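Structure first, commentary second.
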């Protein structure tokens, strides 16, 4: 049975799914309904929302030391082969997961101690878009061996107006097991590069 996570809650992936090696991290969202276009449509630039999910691989000092340790739409596969981004969804249209990232925990190099899952709105300032205009946003973890959902964190209904970037969750090593923390910390940035500076 899936765990519905609260902000700041931590779970042990090893305990929830003993023998877990492969994870699917899914991100989904919808754009808030625009009633008849008009002011709201003009405010958003009349364009689709393009949310970009990325994974930052941090060392034991919680630092990003190599740009190749960022998996995103411009680098879909980590050099270790442990993390694979399934590709960029430019609109958020469709049911279920809009972007998917596959993580093979057994192949993550020992030098990497934490995976940080972040999302940002592409060209947010140019398009005048923020997370206050997004609804039904979620991040979920699925056991890759049996497709059972382990945990879900719903982001909707929270005050993310004016926020254009977000730290969704962390998966980290703790002693001999992997754990997950739900974060949902929003901030205002103009692209992934500004997020990376927070960890450099």
Name the shape class, rounded, prolate or oblate, that the alpha-carbon gyration tensor gives for the stretch 91-147, where a ≥ b ≥ c are the square roots of its eigenvalues, rounded holds for a/c under 1.5, and otherwise prolate holds if a/b is larger than b/c and oblate otherwise. oblate
Report the antiparallel proportion of the DSSP beta bridges in the chain as a percent, rounded to a multiple of 5. 95 percent
With N set to the number of residues, divide the alpha-carbon radius of gyration of the stretch 3-197 by 2.2 N^0.38 Å and report two decimals. 1.01
What is the order of 107, 197, 127, fewest Cβ neighbours within 10 Å to most? 197, 107, 127
Need one number: nm distance between label points at residue 146 and residue 159, each 7 Å from Cα along Cα→Cβ, rounded to one decimal. 4.1 nm
Provide the descending list of Cα extents for the stretch 92-200 along its principal axes, expressed in whole angstroms. 43, 35, 20
Relative contact order (percent, whole number), the stretch 141-183, Cα cutoff 8 Å, 6+ residue spacing: 24 percent
Given the Cα-Cα distance of residue 79 and residue 198 and 0.36 nm per residue of separation, how much length would full extension add, in nm? 40.6 nm
Full-stretch length increase - residue 176, residue 2 - with 0.36 nm per residue and alpha-carbon distance subtracted: 60.4 nm
Each label point is 7 Å from the Cα along the Cα-to-Cβ direction; what then is the distance between the points at residue 128 and residue 185, in nm? 3.1 nm
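Every number in this text was worked out from the coordinates using simple rules, so none of it is lab data. Worth saying up front: this structure is predicted, and the values here are computed from it rather than measured. Positions of Cβ are backbone-derived with ideal geometry, glycine not excepted, and every protein chain shown enters the neighbour counts.
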